[in-house]
Amino acid sequence: MEIKTFGIIGAGQMGNGIAQIAAMSGIDIIMNDIKQEFVERGINTITKNLSRRVDKGKMSAEDKDAVLGRIKTSVDLKDMANAGFVVEAAIENEAIKFEIFKSLDTICRPDVILATNTSSIPIGRIAAQTNRPEKVVGMHFMNPVPVMKLVEVIRGLETSDETFQTTWDLSIKLGKTPAEANDYPGFIANRILLPMLNEAVYCLYHGVGSREDIDTVMKLGMNHPMGPLALADLIGLDTCLAIMETLYDGFKDSKYRPCPLLRKYVEAGRLGRKTGRGFYEY
């Protein structure tokens, strides 16, 4: 099944990253968000990313213009009626995602696959908001999307083989390496990663080490490219908290209990890079 028009819900760091790589692969894009300023910010980010590629000799100015020409912006969800495949990359909030999928189910053609970039919310729970659960699938990109090679493709209980295979093939067309995960809270990536980040926050909370020393130990001792506290800031502390809460609610296991310090930072608005302050200052 050839995807000619790719709809993306959300123009933030994940949404604009997905839009960029999809447009670079030759697919026409409809990038939607709730406000014009959000989609303009997304386009500005894509433009800056492509300009850097031109400056480094990785892309011609003509190719850059062609990529940008494939991206149409939208602030009306009804524009997704023209999409052949839709991925939702909105905030990691269950209620918001439910409303988006209910709306997409009525807007999009019955044959259109509805994918979600959720970091942790069970796919089956999202699929249940639609009348096409067999066409709902997880398509979890990693941040930053233009750089990271992985896409987790997650089967919900009702996800059909055709939906899974189409999503798998699309991931490859976008230049990514897909990995299959089954539908449990956190899937594979965040079920492993987020408890580690949460434990790093506990180390800071308990005074085991400073933020710099905690990150240095993991970078130099475990060969991680980025320390866990710096990575949490990059992801967004609100997103980290939301994922930990999903894991805790889903498994009812105390090992997934979010660190009180993580919650304290989020409540204070210290969300990481996007607000200029998290565990570090930016």
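Below are the figures for this structure:
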{"read-out": "Test: residue in the range 73-87 that is aliphatic (A, V, I, L, M), part of a loop (DSSP other than H, G, I, E, B) and either buried (at least 21 other Cβ atoms within 10 Å of the Cβ) or touching a Pro at 6+ places or on another chain (Cβ under 7 Å) (or both)", "value": "yes"}
{"read-out": "Qualifying residue in the range 102-109 (condition: among the charged types (D, E, K, R), closer than 18 Å to residue 167 by Cβ, modelled with pLDDT of 95 or more and in contact with a helix residue (DSSP H, G or I) (Cβ under 9 Å, 6 or more places away or on another chain))", "value": "yes"}
{"read-out": "Unmet criterion (only one of (1) in a helix (DSSP H, G or I); (2) hydrophobic (A, V, I, L, M, F, W, C); (3) over 22 Å from residue 97 (Cβ atoms)) for residue 38", "value": "(3)"}
{"read-out": "Residue match in the range 52-62 (condition: at negative phi, polar (S, T, N, Q) and surrounded by 17 or more Cβ atoms within 10 Å (Cβ to Cβ))", "value": "no"}
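A quick yes/no check of all residues on (1) in the same structural domain as residue 114 (by TED's automatic domain parsing); (2) small (Gly, Ala, Ser); (3) touching a residue at least 24 places away in the same chain (Cβ under 8 Å):
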position	(1), (2), (3)
56	yes, no, no
60	yes, yes, no
63	yes, no, no
75	yes, no, yes
79	yes, no, yes
87	yes, no, yes
90	yes, yes, yes
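The values are calculated or read from the model by the stated rules, or taken from the named source; none is laboratory data. Keep in mind the model is a prediction, meaning the values are calculated, not measured. Ideal geometry is used to build each Cβ from the backbone, glycine not excepted, and the neighbour counts take in all protein chains shown.
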